[in-house]
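Before any comments, here is the structure.
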Amino acid sequence: MQANRLKLVCGLVTVLAVTGCANMTETQRGTTAGAGIGAGLGGLIGAVSGGGGGGRTATGAVIGGALGAIVGNVWSSRMEEQKRAMEQATEGTGVEVSQTADNQLKLAIPSDISFDTGKADIKPNFRPILDHFATTLTSNPATFVTIIGHTDDTGTDAINDPLSLQRASRARDYLTVRGVAPTRFTVAGHGSHEPVVENTTAANRAKNRRVEIFVAEPQRQ
């Protein structure tokens, strides 16, 4: 019986997440996605926590939905302005600027302008981009930043994992020196574990050696 409840709740969450977001604006999707996830978690808690039947499940979903809405992201006018500013600042550099499905601003920075092979020193061509980026971050202090370093599959995890983290940390340190609060950052190194293309050619390996920066403005109630 309990297993049937879990299947029912999971199915409802999936339907809500897929159909509910189809006709929404980008500003609404981040909050709705968070609310849907929260509602699903709350519903699962209510469904499997003993007596109370549907009432307990519904209550759990309401509570979970409220929590989920808090963790959703907003695509505000400030985020749109920051995206446009970074598009202008990186035009012709090879940096990809985009809005993610969960309303984060993403900067995908290729290795040819960010870091030399096997090194974590910021290259000269990367500095003006980070300078401009720091300015946009100080203009929107409600945002939080995640920086993730990646490598190709040349070498071992023992080398690539710390190297990718060092690259992310160097980018963060550069930005904090320019006035962005350290508490706004999360850094991670994913080594060679998340390639965007297969590591079959030199050109492909260059694409996989990259730094990705995500900016999120959390929904606030």
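Every number here is computed from the coordinates shown, using simple stated rules; none is lab data. Please read all numbers here as calculations on a predicted model, not as lab measurements. Here Cβ is always computed from backbone atoms with ideal geometry, including for glycine, and neighbour counts include all displayed protein chains.
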I need the phi-derived Karplus couplings for region 183-200: 6.51 cos²θ - 1.76 cosθ + 1.60, θ = phi - 60°, integer Hz, Gly and Pro marked x. 5, 8, 10, 10, 10, 8, x, 9, x, 9, 7, 10, x, 8, 9, 5, 7, 9
Determine the dipole magnitude for region 108-162: charges of +1 sit on the beta-carbon of Lys and Arg, -1 on that of Asp and Glu, nothing else is charged, the reference point is the Cα centre, and the result goes in debye to the nearest 20. 320
Dividing the mean separation of Cα pairs under 8 Å (6+ apart) by the residue count of region 144-194 yields a relative contact order in percent of 57
For region 114-119, what does the Karplus curve 6.51 cos²θ - 1.76 cosθ + 1.60, with θ = phi - 60°, yield as ³J(HN,Hα) per residue in whole Hz, taken in order and with x for Gly and Pro? 9, 9, 6, 4, x, 10
Have a look at the DSSP beta bridges in region 88-192 and tell me what percent are antiparallel, nearest 5. 50
Counting other C-beta atoms within 10 Å, and keeping those with at most 10, which DSSP coil GluC sites (Glu not before Pro) do you find in region 74-157? 91
Can you find, among 160, 142, 126, the residue sitting farthest towards the positive end of the charge dipole of region 113-176, where Lys and Arg contribute +1 and Asp and Glu -1 at Cβ? 142
For region 107-217, what relative contact order do you get, as a whole percent, if you take Cα pairs closer than 8 Å and at least 6 residues apart? 39
Kirkwood Rh over Cα pairs of region 167-208 into Stokes-Einstein at 4 °C, 1.567 mPa s: D in µm²/s? 106
By the gyration tensor of its Cα atoms, with a ≥ b ≥ c the square roots of the eigenvalues, what is the shape of region 123-177: rounded for a/c under 1.5, prolate for a/b over b/c, or oblate? prolate
Three-way shape label, region 82-146, alpha-carbon gyration tensor, a/c 1.5: prolate
Given the Cα-Cα distance of residue 188 and residue 176 and 0.36 nm per residue of separation, how much length would full extension add, in nm? 2.7 nm
